[in-house]
1. To the nearest 10 degrees, how steep is helix C:212-227 against the longest Cα principal axis of chain C, on a 0 to 90 scale?
2. Averaged per residue, what accessible surface does the protein assembly as shown expose to a 1.4 Å probe, in Å²?
3. Considering amide H positions built from the backbone, and no H for Pro or chain starts, which residues 5 or more places from C:Ile63, or on another chain, come under 5 Å of its amide H?
4. Give the interface area between chains B and C as buried accessible surface, both sides summed, probe 1.4 Å, in Å² to the nearest 100.
5. Considering chain B as a Gaussian network with a 10 Å cut-off on Cα pairs, which listed residue, B:Pro234, B:Pro94, B:Pro139, attains the greatest mean-square fluctuation?
6. Explain nothing, just compute: Karplus ³J(HN,Hα) = 6.51 cos²θ - 1.76 cosθ + 1.60, θ = phi - 60°, for every residue of segment C:86-93 in order, whole Hz, x for Gly and Pro.
7. Rank by packing, highest mean first: peptides C:151-158, C:316-323, with packing defined as the count of other Cβ atoms within 10 Å averaged across residues.
8. Using +1 at the Cβ of each Lys and Arg and -1 at the Cβ of each Asp and Glu in chain A, identify which of A:Pro127, A:Gln104, A:Pro173 lies farthest towards the dipole's positive end.
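The values are calculated or read from the model by the stated rules, or taken from the named source; none is laboratory data. Because the structure is predicted, anything quoted here is derived from the model rather than measured. Virtual Cβ from ideal backbone geometry, glycine too; neighbours counted across all protein chains shown. To get the accessible areas, we keep the full protein, side chains included, count just its heavy atoms, and leave off ligands, DNA and RNA. Shrake-Rupley method; radii C 1.70, N 1.55, O 1.52, S 1.80 Å.
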Amino acid sequence: MLRKNPTLRHILGRAAWYFVTFLVAVTVNFFLPRLGDANPIDAILAKTNAGDSAGAREKEEAYLRQFGLAEVDAQGKVIRTADGKPVRTGLGKQFVSYLGLTLQGDLGTSFLQFPKPVSEIIKDALPWTLCLQLPTIIFGWLVGNLLGALAAYKRGVFDRIIYPLALLVSAVPAFCVGILMVYYFGIKLEWFPAVGGYDAGTTPALSSDFLSSAAYYYVMPFLSIFMIVVGGQSIGMRSMVIYELGTDYVKYAKLLGIKENKILLYTFRNAMLPQLTGLALALGAMVGGALITEIIFSYPGLGMAILTAIQGNDYPVITGCTLLITVCVLVANFSVDILVGLLDPRIRAAQAAESN
Amino acid sequence: MTDALKFQAKNISRVFGHGKKSVTAVDNVTFEIRDREIISLVGQSGCGKTVLAKMLLRLETPTSGELLFNGKPITATGDPRNHWRQVQAVFQDPFSCFNQFFTIRSQLKSSFRLFETKPSPGEIEERVDQALLAVNIKPKEVEGKYPFELSGGQMQRMLLARIFILKPQVLIADEPTSMVDACSRASILDYLLKLKEELSMTIVFVTHDIGLAYYISDSLYIMHKGKMVDRGAPDDVIKHPTSDVTKQLLEDIPDVHRQWIARGTPVHAAE
Amino acid sequence: MTVSAPVRPLEQAASGPTPKPAKSNAVLEVEDLRVHYVTRFGHKIQAVDGVSFSLKQGEILGIAGESGCGKTTLVSGCMGLYIPPLFHTSGDVRIDGKSIVGMTLEQNRKEVLGQKIAMIPQGALNSLNPTRKIKDMAADMILSHDESADKKSINDRLRERFTRIGLDADHVLNSYPVELPAGTKQRCVIGISTLLNPKVVVADEPTSALDVSTQKAVIKLLFELMDQEIISSMLFITHELPLLRHVSSSIAVMYAGEFVEYGTTEQVIFEGRQPYSRALMGSMLSAEPGQKSRKPVAIEGAPPKLDKPIPGCRFAERCPVAQPDCRTTEQVLRIVAGRQVRCKYADTEVVEQVGGGL
C-alpha cells in the first residue's frame with residue numbers, strides 16, 4: 001500500500017522524523033535547566049524554615065522523596081553520607097523516571113507552589129493565554145489577509161494608505177507597543193486598566209461580574225498583539241497577491257475570457273497557501289508566543305507562569321511549560337507539512353518525488 | 001590555433017543525487033580544447049551541455065574523471081577566483097547578470113575588482129571606454145543608464161564588454177544569443193570571433209542551434225543524454241554526421257536557407 | 001526539395017490539408033489601426049501606427065519583427081484589450097464583420113476573448129493555474145462564456161476535444177499541470193485555447209524559448225488542429241522571420257509600429273524588397289555545407305521609442321543602405337512587385353545590397 005501511495009508514505013516519513021525531534025526536545029528540556037548550580041530544595045526550605053531543625057530535616061526528607069532527588073533505602077528513608085548529606089540521585093536515573101512520568105502525562109510537582117502539581121499550574125494559566133492569543137491570531141490573520149489582498153488588487157489610494165501603515169505597525173517591536181499602550185491608555189488617560197487579567201475584587205468564575213471585568217482587562221493586550229499580526233499578515237499577503245496577479249497563468253486566463261471573479265479566486269487561493277503555513281506556525285508558537293505581552297500587562301497566562309518559575313528555579317514548571325510549547329510547535333509544523341501537501345499539487349509532487 | 005591544450009577532460013562524469021534517484025548529467029566524456037580555438041557544445045535542452053560548461057568554470061565538480069586546465073588539475077589554482085581570472089563566462093539572460101539598482105558603467109568598473117592589482121581610477125575609466133567601443137557602443141550612449149533602460153541585445157553586449165575588460169584566457173558562452181533578436185544575433189557572434197582574433201581567446205560556445213555553432217566554431221561537439229555522440233571539424237560533422245542525433249538536429253532546422261541560397265540574389269523588381 | 005515548393009508547410013504537407021480556397025469574406029479585418037499607451041511619465045507612445053490587414057478563413061498570416069516593434073501591442077489591439085495604459089487611438093478591428101473596438105471590457109471578455117479570437121501564449125509551461133486541475137480550468141473557461149452549461153455536457157465536451165487532440169483525456173483532465181510533461185502541457189494549453197472554436201487563433205511566439213526539435217513539434221500540432229478544423233485561421237507572431245516559411249501563407253514584417261512589407265510568404269522570404277525584412281532573413285545562420293564563410297547580416301541598435309514623430313523612414317537610423325533623403329522623406333506603403341512595401345528604394349538595386357551577395 002505504501003508503495004502505491006506516495007502521499008501516505010510521505011506523511012509517515014515525516015511523522016517518524018517529528019517523533020525523533022520530540023525525543024531530542026524532551027531531552028534538552030530536561031537537562032537544560034538542571035545544568036545550573038541552584039538547589040531548589042534549599043530555596044523551598046529557606047522559605048518555609050520555621051527554625052526547628054528536626055522539622056526542617058523531616059520536610060527536606062519529604063521533598064527529596066517526593067521529587068526523587070535522593071536515593072532512598074528499602075524503608076523509604078533517604079540514604080545519607082557520613083556527614084549527613086543526602087545521596088543525590090544521578091541525573092540519568094532522574095531522567096529515566098522523568099521520561100516515564102512524562103509519557104504517562106504526569107509533569108511533576110511545583111517546587112515553588114508545593115504541593116501544587118505542574119499540570120494544575122498549566123491548567124490555570126493556559127486558558128488565559130489561549131483566550132488572549134487564539135482570537136487575536138485568527139482574527140488578525142483574517143483581517144490582515146483581507147486588507148493585504150484588497151491593497152494588492154485595488155492598488156491606488158487604498159494601497160498607499162494600508163501598506164505604509166502595515167509596515168509601520170509590524171516594524172515596531174511588540175514590547176514597545178505594549179509599553180506605550182500601558183503608559184498612555186492605562187496610566188495617562190486611564191481608559192483601561194494598566195495591568196492584570198481581571199479586577200482584584202472578583203475571583204475567576206463564570207459570573208457576569210468576573211466576565212465583564214476580564215473583558216475590560218482584555219482590550220489592551222488584545223489590541224497590542226492584533227495590530228502586529230494584522231500588519232505582518234497584510235504585508236505578506238499583499239506581496240503574494242501582487243506576485244500572483246503578474247504570473248503567466250493569470251495573463252492567460254484573462255486572454256481566455258475567464259471571469260474576473262474566477263481569476264481573483266485563482267490568485268487569492270494561490271497567494272493564501274504560504275499564508276496558511278504562517279497561520280499554522282503562529283498557532284503552534286501561540287502558547288509561548290505572547291510571553292512579552294503577558295509580562296508587560298501582567299496578564300495571568302502561561303508567559304507569567306514561566307517567568308515566575310524561572311525566577312524561582314522551579315524546574316518542573318519550566319520543563320512542563322517548555323514541553324507544552326515544544327509539542328505545540330511540533331504539531332503545528334507537522335500539520336503544515338501535511339496541509340500544504342494536500343492543498344498544493346506542486347508541493348505534493350515534490351514531496352512524492354522526495355520520498356520515492 | 002596552436003597545439004597547446006587549454007582544457008583536457010579524461011572520462012569525466014557528473015552524477016546528481018544517488019542510488020535509484022541519481023541522474024547522470026555528464027556521462028564519461030573525454031575531450032580536449034586547444035588554445036585559441038572556438039568549440040561548440042550543441043544539444044537539446046537537458047543534454048548536459050550546461051553542466052559540462054559549469055565544470056569548466058569550476059561551478060560544478062566532476063563526480064569522477066580528471067579535468068585539467070593548462071595541464072594542471074583544475075583545482076590546482078586553489079581559490080576559485082584565481083580560476084575565474086583566467087576563465088570567464090557570459091550567460092543567456094544578461095539582465096539577471098547585472099544589478100538593476102546600479103548604473104551599467106559603475107558595474108563595468110567594479111569588474112576590475114577581480115584583478116589582483118587594481119589600475120588607477122583614470123585608467124579604469126579609459127579601459128571601460130575602450131571595452132564599450134570594442135562592442136560598438138559609444139560610451140555616451142550608456143552614461144548614467146540602468147540595465148532596464150537597454151534592450152536585450154545591448155545588455156548582451158555589455159556582458160561582452162566585461163569580457164573585453166577582464167581579458168580571460170578562456171570564455172564560456174552559454175546560449176548568449178537565445179534572448180537576443182535575430183538581427184542582433186549575428187553581431188554577438190562577431191564579437192566572439194573578435195575576442196578570439198584580437199585577444200587570442202579560447203571560446204566554448206554552448207547552444208542548441210547547430211546553425212550558429214557551425215558558423216562560429218572550429219570544432220563541433222554534439223551532446224545527447226550526457227554523452228558526446230558526434231565531434232569533429234564543422235564541415236565534417238555537417239557533411240558526414242555519424243550519429244542519428246546529429247542527423248535529427250540537422251533535419252529539424254527549417255530548410256529555408258538551402259532554398260534561399262539556391263535562389264541566389266533576388267530578382268530585381270520583377271515585372 | 002525543389003525551389004518552387006508549395007507555400008504550404010513542412011514535409012507532411014502532402015498528407016496535410018489542401019489549402020482551402022480563400023473565401024472573400026475575411027474573418028479578421030484591421031483597418032488603419034492606431035494604438036497608443038501612456039508611460040508612467042505621461043509620454044504617449046504610438047506603438048501601433050496605422051496598420052491594415054485582413055485575415056481570411058483558412059489563412060495563416062505571419063507577423064514578424066524584433067522585440068519593441070509593436071507586434072505584441074498589435075495583438076492586444078486585435079483582441080480589443082484596451083486596458084489602461086493601453087488606448088485605442090483610431091481605426092477599426094472587425095471580427096466576422098463585427099467591430100470590437102467600441103465594446104466595454106466585460107462585453108469583450110464575454111463575446112470576443114476565447115470565443116471569437118483566442119491566444120496561444122508564449123510560455124505554455126507556466127500558463128496553467130498550478131493549483132487547478134486541467135478540467136477545472138477548462139470548465140472555468142467554458143462557464144465564463146456560457147453560464148448555462150451543465151457539468152455533464154462540459155465533461156463530455158472536454159473529453160471529446162482532448163481525445164481529438166491526441167491526449168489521454170481521462171488522465172490529463174484529472175491531473176494538475178505539475179504532473180504532466182512539458183509536451184502534454186503545451187497540448188493542453190492549445191486545447192483549452194481552442195475549446196470554443198474561435199474564428200481566429202493568435203499564436204504569440206509559441207515556439208521561442210524552445211529548441212528546434214520541440215519547435216517543430218508545436219508547429220506540427222498547430223497544423224493538425226487546422227486539418228481537424230479546430231483552428232480555422234491564425235495569426236502567427238514571431239521574431240524569427242525564416243520560421244514563417246513553414247508556417248504562414250502570407251507575412252507582414254513590422255517595424256516601429258508599422259508594416260514595412262506585407263506580401264505572400266514567397267515574396268517576403270525569398271524576394272524581400274525592404275531592407276529590414278531582407279536583413280531579418282540575412283541574419284539567419286544555418287548549417288549548410290560551404291556556407292561557413294558567409295557573413296550574416298547584423299543590424300545593431302534598437303527600434304525607435306516612438307514617443308515623438310520621426311521624420312522620414314523609421315528604419316533609416318539602422319538601415320545599412322540608408323540614402324541621404326531617407327531621413328527626411330516620409331515613407332508610405334506602396335505596391336512594388338506585387339506586395340506592399342514601405343521603402344523609397346524598394347524598386348531599385350539599393351535594397352538588394354542587404355542580405356545579398358550570397
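1. Roughly 70 degrees between the two axes.
2. On the way: 44600 Å² over 985 residues.
Using a 1.4 Å probe on heavy atoms only, each residue of the protein assembly as shown averages 45 Å².
3. HN-HN under 5 Å from C:Ile63: C:Phe236, C:Ile237, C:Thr238, C:Ala252.
4. That pair hides around 4800 Å² of surface in total.
5. Its mean-square fluctuation being the largest, the pick is B:Pro139.
6. Once θ is set to phi - 60°, the couplings for segment C:86-93 become 9, 10, 7, 8, 6, x, 9, 10 Hz.
7. C:316-323, C:151-158
8. A:Pro173
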